[in-house]
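Here is the structure we will look at.
Since every read-out is calculated from the coordinates, none of them should be taken as a lab result. Small disclaimer: the values here were computed from a predicted structure and weren't measured. Virtual Cβ from ideal backbone geometry, glycine too; neighbours counted across all protein chains shown.
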Amino acid sequence: MHETFSGVNPDMSEKHVNELLDVYAALLKDAQYAYPTMKMDFERDLTRLQRSVKQRGIQVFLVDLPAVGKHLDRCLSNGQYIPSGLPLTKRSSRGVAIPHFLRGLYLLVFHTSGYLKDEADVQAVFFLRQILFAAKKTELACPVIRVVQEMENFIAVDESLPEPCRFWSGDAFAPSTLMKGDEYEPDYSADESRLYSGFRTSDLIGCRVRTLPPRECEVLRRVLAVLDFVSGAVTSSIGDYDPDRWKFRHGPGAISERIGPSNKFAWTHWPDSLETEYPIADYGYYSHSSWADSAYRSNLPSSEELESRMVAVPKDFRKPRLIAAEPASKMWCQQNLAHFFSERTRATWLGQFVRFRDQTANQQLCSLGSLDGSLATIDLSMASDRVTCLCVGQLFRSNPKLLRSLRATRTRSVRLTRPAGLPKGVPFMDRSVQLRKFSTMGNACTFPVESLLFLAIALAATLTSRRLKPCMRNVLALTGEVAVYGDDIIVPVDSRELVVEALELLWFKVNAGKSFWNGNFRESCGVDSFRGVNVTPAYWKTPYDGGPETLESVVETRNNFYQKFLLNTAAQLSSTLPGLVPNVAQRSGVFGLKSRLPVSNSHLKERYNEDLQRYEIRALTMKSSQSRSPTNDDTALFQFFTEEPGPGIPWTHGFLQRPTTKSKLRWVSRDLVTEMSQTPEIGLIDDG
């Protein structure tokens, strides 16, 4: 009997195991086609894998093989294979370092002693990583106990950070205590300009510096001085923040007040801390008359501060992703700030180093770094959970309005509740956590703020490492060597050590398992590169269970494998699908099984449509829809002004329900599946 994990449906787990065994058999067959002389090796590899799965179950695919893959990446980076003791890595023999499993592929990359070959076979590297990582992103919920462990880790990380100063508590700016006539007047005894005078002069950071060896201490002091210059350049470049110039909108996710779809335009809470920077009459309604007529006006704003609500969403089998559902009013204003950051960053020199919606710069530099070894890729562990209020305050200290707005939109506490399905014997207490960090995942400002902070640190450490004068000419000269996308950071190898030290000084933790600076392997923003060649694997997600969601997922997965010329694996996945899925051209834009060859759908019914004068085939198509529940008040007009639909776009008011996906047999233009189309829906005729 193999191990059964708590929280995993045994029937579904068995279904995953059976299909994964078929997928791996096809993968090894693809490897055999690439290396015909190794046929016997691959057959033995499949036998070893089947034997291991019989003993350890689905864990082999979801945990063991990805762990072996991570070890392989580190060995590629270090230039030598070191035995790891992981499952499926037993040595071939006493004098041979590489393992029995996939021995043939390993020998194309490493010598028997373990050292990386000068002419290592890059295709063998790809097949090794493809086989080891194929099931890394399987859509199978992690055991519920791991949700608890992740929540406890969240609390532990937060408690390791310094407490925010009085500025971030919001109490000093509460309108209820500062009302003078009809105006809100901030208490300037808590003015941010007095609290934040620079990274170099910060007492808290200084205490951490003084604990280091003298030489390291002096270098980091210089980094902090340069960081003050860079943070000033960043803040002055993005300019003044005026909420009237940027778009307010609601985020796509859940809000803390309610569970399930709801009308986010009907305010039930607007805290005093938000009112200081975003008066509800100006920013919470489409007009002052609407605000005056609102049934909720007498209760808003409120002295009560709502908590965010922690939600665990699926990530992979090892652990979930924790995201905080923010209060609706805070999210509304956070999105305005996020729009400001996005537009101003793109319009200035900052856009050469950091982008919020485009990963291509990081991906290209990742490939370059793997080719010549000049660039390092750095990944951070729980980066958003380690952004301190202190660092945010020092970064934006010269822009008081922006800093006050970040303070106003920050949610100060989060509620953690007992996960559903947790066994009664496992202790867990519902609790409210007063946050020390600046914000959580779920806050729309987290990503842009952390990106700009990491950029400032990377630039400052690089300038210091190279003994360059802190000036804009030298900063701009680093274009093409420094890039940031969230917590994916790329810096020159010669500055990597100081960048890491600076990050750790400011309470961040580098993820050593996903950071690379030696050898010729790099990983950043979803691209894995070895010696300039993309060796990113395709990922298997889930088996087809008859539903439209899994049908769409398996078709996409099959196409990803096909795109990488893993034709046997693609064929195996195709065999699990209903026969009515059409074959389509590589760039047709239509749902179906993509092909580089001339498309044939002889297995499908065909007709000539005299009304449209075209040939059509009858095939399965996918349709995603999201209905709206109409509202009965003037929030509909507020929604119209917010969403600004174009004159030719059909639009209805109301709040969105959960999206649904349906598969349906429809008549599709035969030409549509064989040609590239920008608007494939035009070629679909409802069965009627």
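Taking neighbour Cβ counts within 10 Å as the exposure measure, how do THR569, THR440 sort from fewest upward? List each step's numbers first, then the result.
Details: THR569 28, THR440 24.
Arranged by neighbour count, lowest to highest, THR569, THR440 become THR440, THR569.
Determine which aspartates and glutamates satisfy two conditions relative to LYS469: a Cα distance under 14 Å, and not lying fewer than 8 residues away in the same chain.
Within reach: ASP228.
Kindly provide the helix-only [θ] at 222 nm of the chain, computed as the sum of -39,500 (n - 2.57) over DSSP H runs of four or more divided by all residues, to the nearest 500 deg cm²/dmol?
The helix-only estimate for the chain comes to -11500 deg cm²/dmol at 222 nm.
Past 18 Å, Cα to Cα: identify those pairs from LYS15/LYS564; LYS264/LYS330; LYS15/LYS424; LYS90/LYS319; LYS330/LYS509, in the order given.
Check vs 18 Å cut-off fails for LYS15/LYS564; LYS15/LYS424; LYS90/LYS319; LYS330/LYS509.
Please work out the FRET efficiency for the pair GLN626 and ARG210, using the Cβ-Cβ distance as r and a Förster radius of 60 Å; give the result to the nearest 0.05. Write down the numbers at each step before the final one.
On the way: r = 56 Å, r/R0 = 0.93.
Working from the Cβ atoms, E equals 0.60.
In whole angstrom, how far apart do the alpha carbon centroids of region 333-360 and region 593-672 sit?
Going from one Cα centre to the other spans 32 Å.
Suppose R0 equals 41 Å. What FRET efficiency, 1/(1 + (r/R0)^6) with r the Cβ-Cβ distance, do MET40 and ARG318 give to the nearest 0.05?
0.75
How far is the Cα center of region 525-549 from the Cα center of region 248-308, in Å?
41
How many percent of Cα pairs in the chain exceed 37 Å?
More than 37 Å apart: 49 percent of the Cα pairs in the chain.
Assuming 0.36 nm per residue, please report the length gained on full extension of the stretch ASN511 to SER160 beyond their Cα-Cα distance.
124.7 nm
Extension gain THR660-GLU504, at 0.36 nm per residue separation less the Cα-Cα distance, in nm?
On the way: separation 156, 0.36 × 156 = 56.16 nm, distance 4.43 nm.
Working it through step by step, the gained length comes to 51.7 nm.
For a paramagnetic label modelled at 7 Å from the Cα of VAL533 toward its Cβ, which residues of region 33-50 fall within the zone defined by backbone nitrogen distances under 20 Å?
33-39, 42
Report the gain in length on full extension from THR576 to ASP121: 0.36 nm times residue separation, minus Cα-Cα distance, nm rounded to one decimal.
160.5 nm
Going Cα to Cα from LYS541, which aspartates and glutamates come in below 13 Å? Please leave out same-chain ones fewer than 8 positions away.
In chain and number order, the partners are GLU19, GLU139, ASP316, GLU549, GLU552, GLU556.
For region 10-136, calculate the relative contact order in percent as a whole number, restricting contacts to Cα pairs under 8 Å that are 6 or more residues apart.
23
Quick one: if the Förster radius is 60 Å, what FRET efficiency do LYS54 and SER287 give, using the C-beta to C-beta distance and rounding to 0.05?
So, using R0 = 60 Å, E works out to roughly 0.30.
What aspartates and glutamates could a cross-link reach from LYS117, if we take a straight Cα to Cα line under 18 Å and drop same-chain neighbours fewer than 8 places away?
Leaving aside aspartates and glutamates fewer than 8 places away in the same chain, those within reach of LYS117 are ASP73, ASP372.
Helix by helix, which DSSP H runs in the chain go 30 Å or more along their axis at the Cα atoms and have an average Kyte-Doolittle hydropathy of 0.5 or more?
214-238
When DSSP beta bridges are limited to those with both residues in the chain, what percentage is antiparallel, rounded to the nearest 5? Let's see the in-between values first.
On the way: 50 of 59 bridges.
Of all bridge pairs located within the chain, approximately 85 percent are antiparallel.
Give me the one-decimal Kirkwood hydrodynamic radius in Å for region 144-530, with the sum taken over alpha-carbon pairs.
Numbers: mean 1/r = 0.0454 Å⁻¹.
Across region 144-530, the inverse of the average 1/r is 22.0 Å.
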